[in-house]
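Take a look at the structure set out below.
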Amino acid sequence: MAQEVRGVIAPGKDEPVRIETIVVPDPGPGEAVVRIQACGVCHTDLHYKQGGITDEFPFLLGHEAAGVVEQVGPGVTDVVPGDFVILNWRAVCGRCRACLRGRPWYCFDTHNARQKMTLTDGTELAPALGIGAFAEKTLVAAGQCTKVDPAVSPQVAGLLGCGVMAGIGAALNTGGVTRGDSVAVIGCGGVGDAAIAGAHLAGAAKIIAVDIDDRKLETARGMGATHTVNSRTTDPVEAIRELTGGFGADVVIEAVGRPETYTQAFYARDLAGTVVLVGVPTPEMKLELPLLDVFGRGGALKSSWYGDCLPSRDFPMLIDLHLQGRLALDKFVTETIRLDEVEKAFERMHHGDVLRSVVVL
Ligand code: APR
Ligand code: ZN
Ligand code: ZN
């Protein structure tokens, strides 16, 4: 029997979000219905609302979520009702060329639920990133559910569903940060701070946080930054070189998504170092670099998408590390809010006042 629940809808371009009744169908083959317990507010939700991703309104927003599996469809064996899970927006196929070559984070054939959730008048909803978790319940592909230790609080667990995983994974998976490395992180919002936490976890010897806002640099210290540079007042490339014996950092992580910060990252790394782009640029942005510098400086230029994560490998591990007191994921939750406070949370996010607002249901 289809169920009716409350959910946060973006009805049209730049219109305020509102709570509506959502119809959630019974799970079909390979699908699951999850009772959402917590869901973080991410920039991507705001981009959906602004019409910056697609124009298939109305959207059911929310995608950084954790909850309990309530029902599973035919053929689902990896999760059962009652399992505590984190949702992910890249359920990999396991069969495509990328998956078979051992790089499932580049999977060509990720999947979501096949059935649609609707409004009560039958209007089909487009769930944000194939999840739609600012709702009491949502319908997903079973492969989007990863079981983790239920001892963790839902508001902390949900963080790994997107931004915090993107940052930690940029350091651990894409950047390959290892013990003794020097690491610089440009842009210390939620994603950059997560990269700092990841570098700290990996045993980086120096972690240099760069931002234009002193409040962000203060928070970055709490995440594990050993040095901070305000790039409004100090040239970050020079400062990073100075702090690394004149060489530059082994790994520089760019978590803003702008040409000028990417250029800083490019020049702030050691000759054989790695630059990881995790900030998402807009389509019109262009990068201009002397080709001779690209040639002469060697090393690697990489981008990191969802932290090159493999949810079934990374989510349980990171939750275990958190429960052991080795990864302070709780520091990313600035505030918990109700479902009807999402619009206000967008406002606060826009002003840079929060790392994460998390809806708790
Ligand atoms: N130099 C350094 N830091 C900057 C600059 C700059 N020129 N411009 C902005 N910043 C800082 C801001 O002060 C803020 O602390 O970058 C940080 C961006 O943080 P948030 O806006 O909170 O964004 P976040 O959620 O961390 O995401 C960062 O990663 O995944 C992507 O889409 C995401 O592109 C976004 C980026
Ligand atoms: Zn695949
Ligand atoms: Zn997100």
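Which residues, counting only those in the stretch 177-204, are outside any loop (DSSP other than H, G, I, E, B) and either without any contact (Cβ under 8 Å) to a residue 24 or more places away in the chain or more than 14 Å from Leu327 (Cβ to Cβ) (or both)? Give the steps one after another, and end with the answer.
Kept after step one, since they are outside any loop (DSSP other than H, G, I, E, B), are these residues of the stretch 177-204: 182-186, 190-202.
Across the stretch 177-204, the qualifying residues are Ser182, Val183, Ala184, Val185, Ile186, Gly190, Val191, Gly192.
Residues Ile22, Ile9: which one is over 24 Å from the mean Cα position of the chain (by Cα) and buried (at least 24 other Cβ atoms within 10 Å of the Cβ)? Talk me through it step by step, then tell me what you get.
Numbers: Ile9 fails: over 24 Å from the mean Cα position of the chain (by Cα).
Result: Ile22 is the single residue among Ile22, Ile9 that is over 24 Å from the mean Cα position of the chain (by Cα) and buried (at least 24 other Cβ atoms within 10 Å of the Cβ).
Tell me which residues, restricted to the stretch 66-99, are within 16 Å of ligand 3 (Cβ to nearest atom) and of a type in the set (Val, Ile, Thr). Spell out the reasoning first.
The first filter runs over the stretch 66-99 and keeps only residues within 16 Å of ligand 3 (Cβ to nearest atom), leaving 66, 86-91.
Scanning the stretch 66-99 gives a single hit, Ile86.
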ask   = Under 6 Å by Cβ, and 6 or more places apart or on different chains, what pairs join a residue from the stretch 121-146 that is without any contact (Cβ under 8 Å) to a residue 40 or more places away in the chain with one that is in a strand (DSSP E or B) and open to solvent by 10 Å² or more (accessible area, probe 1.4 Å)?
value = Glu124/Thr118
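Let's see how each residue does on (1) within 16 Å of ligand 2 (Cβ to nearest atom); (2) out of contact with any helix residue (DSSP H, G or I) (no Cβ under 6 Å at 6 or more places or on another chain); (3) acidic (Asp, Glu):
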position: Thr138; (1), (2), (3): no, yes, no
position: Gln144; (1), (2), (3): yes, yes, no
position: Lys147; (1), (2), (3): no, yes, no
position: Pro150; (1), (2), (3): no, yes, no
position: Ser153; (1), (2), (3): no, yes, no
position: Gly158; (1), (2), (3): no, yes, no
position: Met165; (1), (2), (3): no, no, no
position: Leu172; (1), (2), (3): no, no, no
position: Val177; (1), (2), (3): no, no, no
remark   = Exception for Cys107 within (1) more than 16 Å from ligand 1 (Cβ to nearest atom); (2) without any contact (Cβ under 8 Å) to a residue 40 or more places away in the chain; (3) open to solvent by 20 Å² or more (accessible area, probe 1.4 Å); (4) on the phi < 0 side of the Ramachandran plot falls at (3)
key: helices (runs of 4 or more DSSP H) wholly inside the stretch 205-319 containing at least 1 residues that are buried (at least 24 other Cβ atoms within 10 Å of the Cβ)   = 214-223, 236-243, 259-268
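Just to be sure before I move on: is Gly30 within 16 Å of ligand 1 (Cβ to nearest atom) and either modelled with pLDDT of 95 or more or small (Gly, Ala, Ser) (or both) in the structure I sent? Full working, then the answer.
Details: within 16 Å of ligand 1 (Cβ to nearest atom): no; either modelled with pLDDT of 95 or more or small (Gly, Ala, Ser) (or both): yes.
The answer is no for Gly30.
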message = Among (1) more than 21 Å from Asp26 (Cβ to Cβ); (2) modelled with pLDDT of 95 or more; (3) not in a loop (DSSP other than H, G, I, E, B), there is one condition Trp105 misses while meeting the rest; what is its number?
response = (2)
query = On the given criteria, is Ala171 out of contact with any Pro (no Cβ under 8 Å at 6 or more places or on another chain), among the small types (Gly, Ala, Ser) and part of a helix (DSSP H, G or I)?
reply = yes
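Select from the stretch 53-78 the residues that are aliphatic (A, V, I, L, M) and either within 16 Å of ligand 1 (Cβ to nearest atom) or within 11 Å of Val34 (Cα to Cα) (or both) and list them in ascending order.
Of all residues in the stretch 53-78, those aliphatic (A, V, I, L, M) come to 53, 60-61, 65-66, 68-69, 72, 76.
Correct list: Ile53, Leu61, Ala65, Ala66, Val68, Val69, Val72.
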ask   = How about the stretch 79-102: which of its residues are within 14 Å of ligand 2 (Cβ to nearest atom) and exposed (fewer than 14 other Cβ atoms within 10 Å of the Cβ)?
value = Gly94, Arg95, Arg97, Leu100, Arg101, Gly102
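If only one of Gly175, Gly132 is under 30 Å from Arg269 (Cα atoms) and buried (at least 23 other Cβ atoms within 10 Å of the Cβ), which one is it?
Details: Gly132 fails: under 30 Å from Arg269 (Cα atoms).
Sole residue among the options that is under 30 Å from Arg269 (Cα atoms) and buried (at least 23 other Cβ atoms within 10 Å of the Cβ): Gly175.
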remark   = Among the residues of the stretch 25-48, the number that are out of contact with any strand residue (DSSP E or B) (no Cβ under 6 Å at 6 or more places or on another chain), open to solvent by less than 60 Å² (accessible area, probe 1.4 Å) and either under 11 Å from Leu60 (Cα atoms) or within 16 Å of ligand 3 (Cβ to nearest atom) (or both) is 3
message = Can you pull out every residue in the stretch 37-54 that is closer than 17 Å to Val256 by Cα and either within 16 Å of ligand 2 (Cβ to nearest atom) or in a loop (DSSP other than H, G, I, E, B) (or both)?
response = Cys42
ask   = How many residues are free of Cβ contacts under 8 Å to residues at least 60 places away in the same chain, open to solvent by 70 Å² or more (accessible area, probe 1.4 Å) and within 16 Å of ligand 1 (Cβ to nearest atom) if we restrict to the stretch 335-352?
value = 3
query = Would you pick out the residues in the stretch 53-78 that are open to solvent by 20 Å² or more (accessible area, probe 1.4 Å), aliphatic (A, V, I, L, M) and closer than 25 Å to Cys42 by Cβ?
reply = Ile53, Val68
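The values are calculated or read from the model by the stated rules, or taken from the named source; none is laboratory data. Since the model is a prediction, treat every value here as computed from it, not as a measurement. Heads up, the Cβs are rebuilt from the backbone with ideal geometry, glycines too, and the neighbour counts pull from every protein chain shown. The protein model used for the area step is the full one, side chains on, heavy atoms only, and it has no ligands, DNA or RNA in it. Shrake-Rupley method; radii C 1.70, N 1.55, O 1.52, S 1.80 Å.
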